[in-house]
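What follows is a single structure, written as structure tokens, with notes after it.
The values are calculated or read from the model by the stated rules, or taken from the named source; none is laboratory data. The model shown is predicted, which means the values in this text are computed figures rather than measured ones. We place every Cβ from the backbone using ideal geometry, glycine too, and count neighbours over all the protein chains shown. In case anyone asks, the SASA skips ligands and DNA or RNA and just uses the protein heavy atoms, side chains included. Shrake-Rupley method; radii C 1.70, N 1.55, O 1.52, S 1.80 Å.
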Amino acid sequence: MRDIRVIGDPVLRTPAEPVTDFDRELRRLIDEMFQAMYAVNGVGLAGPQIGVSRRLFVYDIAGRKGHLVNPVLTVDDEEEVLDEEGCLSVPDRQSRQPIYAPVARAAGVTVEGLDRLQQPVRVKARGSLARCFQHETDHLDGKLYVDRLPKNEARKIMLRT
Ligand SMILES: [Zn+2]
């Protein structure tokens, strides 16, 4: 089982590289990402979170499950929605559970990328799925949700990690 990297690990702050090989190893990696995500009741997991600095993520949220390789995110609806968001890579030092905070995200997005067989995938999303896509795409750019919080709110969270 792959360990989930937590804040402070440089891999989480490194922009990930595109996936170039659509081989058996990639398919195994995607399976391992689902396993690692389900083991901790997560709803999304990006490559860097298991120490793999590659542009891919898996998700299973609000009845929608899938994976995206080399995703490109487009905002369809810029209206900002404020909702609770947490991250497996930002756990509380004591409880080891994700720390949640309200984060503003665009209401609607489309993600385009490839699947494990290098076939094109396009998913339009609103609500929690749109939030998840924005959160996971941030991971691929070396960003964490705390970066999107007011400085004092981010500082409070950092003190708990
Ligand atoms: Zn996360």
Considering only residues that are in contact (Cβ under 8 Å) with a residue 24 or more places away in the chain and surrounded by fewer than 13 Cβ atoms within 10 Å (Cβ to Cβ), which ones fall in the range 1-12? MET1, ASP3, GLY8
When you check GLU84 against the structure, is it closer than 20 Å to LYS124 by Cα, open to solvent by 40 Å² or more (accessible area, probe 1.4 Å) and either within 16 Å of the ligand (Cβ to nearest atom) or more than 11 Å from the chain's Cα centre (by Cα) (or both), yes or no? no
Being in contact with a strand residue (DSSP E or B) (Cβ under 9 Å, 6 or more places away or on another chain) and either without any contact (Cβ under 8 Å) to a residue 24 or more places away in the chain or surrounded by fewer than 17 Cβ atoms within 10 Å (Cβ to Cβ) (or both) narrows it down to one of ASP147, ASP141, ASP115, ASP60, so name that one. ASP115
Given the criteria more than 16 Å from the ligand (Cβ to nearest atom), within 30 Å of ASP23 (Cβ to Cβ) and either modelled with pLDDT of 95 or more or touching a Leu at 6+ places or on another chain (Cβ under 8 Å) (or both), does GLU78 qualify? no
Can you tell me how many residues within the range 134-161 are within 16 Å of the ligand (Cβ to nearest atom), under 22 Å from VAL75 (Cβ atoms) and not small (Gly, Ala, Ser)? 15
Looking only at the range 22-47, and only at residues there that are away from the ligand (no atom under 16 Å from the Cβ) and in a loop (DSSP other than H, G, I, E, B), the one that is surrounded by the fewest Cβ atoms within 10 Å (Cβ to Cβ): ASP23
Going by the conditions given, is ARG131 crowded, with 17+ Cβ neighbours inside 10 Å and within 16 Å of the ligand (Cβ to nearest atom)? yes
Subset of the range 105-130, residues part of a strand (DSSP E or B) and over 23 Å from THR14 (Cα atoms), comes to ALA106, ALA107, GLY108, VAL109, THR110, PRO120, VAL121, ARG122, VAL123, LYS124, ALA125, ARG126
